[in-house]
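One structure is given below, encoded as structure tokens.
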Amino acid sequence: MSRRQRQEPTVGTLVRMPEGVRCFEAGEDDVGDPVRHYRAVDTLGLMHRAGSIDAYQHAAGEHFARDFAAAFRSGCKTARLQPGLGRGGPAPGLEEIERHANAARRVDAALAAVGGADSPGAAALWYVAGLGLSVRAWSQREGWNGRTLNKHEASGMLIAALAVLARFYGYRRD
């Protein structure tokens with residue numbers, strides 16, 4: 001099998017879904033076994049195709065999403081990540097820990113650039129670009145001063161945060 005071909009999972013195998021993929025419907029297959037249907041929404045891609053954000057904002061959002069995934073992904077790693085390290089070398093897994101820590105520092109710097117971790121722009125980036133929620137889902141769960149957030153306001157917050165982020169990452173200089 002070539003590297004480009006992907007083997008489909010067989011019935012009964014467990015498949016770990018990536019961040020941003022949500023179960024939206026449960027049902028049964030042809031023989032009556034329970035089945036869940038999954039979907040993933042590329043919010044930034046949809047906004048770019050609709051013209052809500054430009055290519056620089058889209059690139060900045062994708063950059064943030066990559067850093068976010070590198071900083072906060074979880075999973076099991078073996079104790080011996082680098083074979084052949086003898087005495088005097090780094091502890092097993094130290095480089096992996098440093099990569100996660102550096103990515104977390106980059107996420108923190110990006111959130112500081114859009115107004116700090118408690119700002120509306122940072123919340124928009126965290127939930128939409130980082131965790132993969134749709135703007136609508138984020139607006140329904142978010143609110144300030146005791147009131148929920150309108151989805152149009154939430155979209156505006158995300159667009160503004162992406163514009164600042166595009167400058168912060170150096171995608172846009174004007």
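The values are calculated or read from the model by the stated rules, or taken from the named source; none is laboratory data. Owing to the predicted nature of the structure, the values given are computational and were not obtained by experimental measurement. Ideal geometry is used to build each Cβ from the backbone, glycine not excepted, and the neighbour counts take in all protein chains shown.
Here's the yes/no breakdown for (1) modelled with pLDDT of 90 or more; (2) surrounded by 11 or more Cβ atoms within 10 Å (Cβ to Cβ); (3) more than 18 Å from Leu162 (Cα to Cα):
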| residue | (1), (2), (3) |
| --- | --- |
| Gly32 | no, no, yes |
| Tyr38 | no, yes, yes |
| Glu62 | yes, yes, no |
| Phe72 | no, yes, yes |
| Arg80 | no, no, yes |
| Asn102 | yes, yes, yes |
| Arg106 | yes, yes, no |
| Tyr127 | yes, yes, no |
*Looking at this structure, is Arg147 free of Cβ contacts under 8 Å to residues at least 24 places away in the same chain and under 19 Å from Leu44 (Cβ atoms)?*
no
_Residue identified as under 24 Å from Ala71 (Cβ atoms), part of a helix (DSSP H, G or I) and touching a Ser or Thr at 6+ places or on another chain (Cβ under 7 Å) among Ala154, Ala129, Ala160, Ala166_ = Ala154
_Step by step: first the residues of segment 132-151, then only those that are assigned to a loop (DSSP other than H, G, I, E, B) and at pLDDT 85 or above, then the one that is surrounded by the fewest Cβ atoms within 10 Å (Cβ to Cβ). Which residue is that?_
Asn150
*Kindly check whether there is at least one residue in segment 12-23 that is exposed (fewer than 15 other Cβ atoms within 10 Å of the Cβ) and either touching a His at 6+ places or on another chain (Cβ under 6 Å) or modelled with pLDDT of 60 or more (or both).*
no
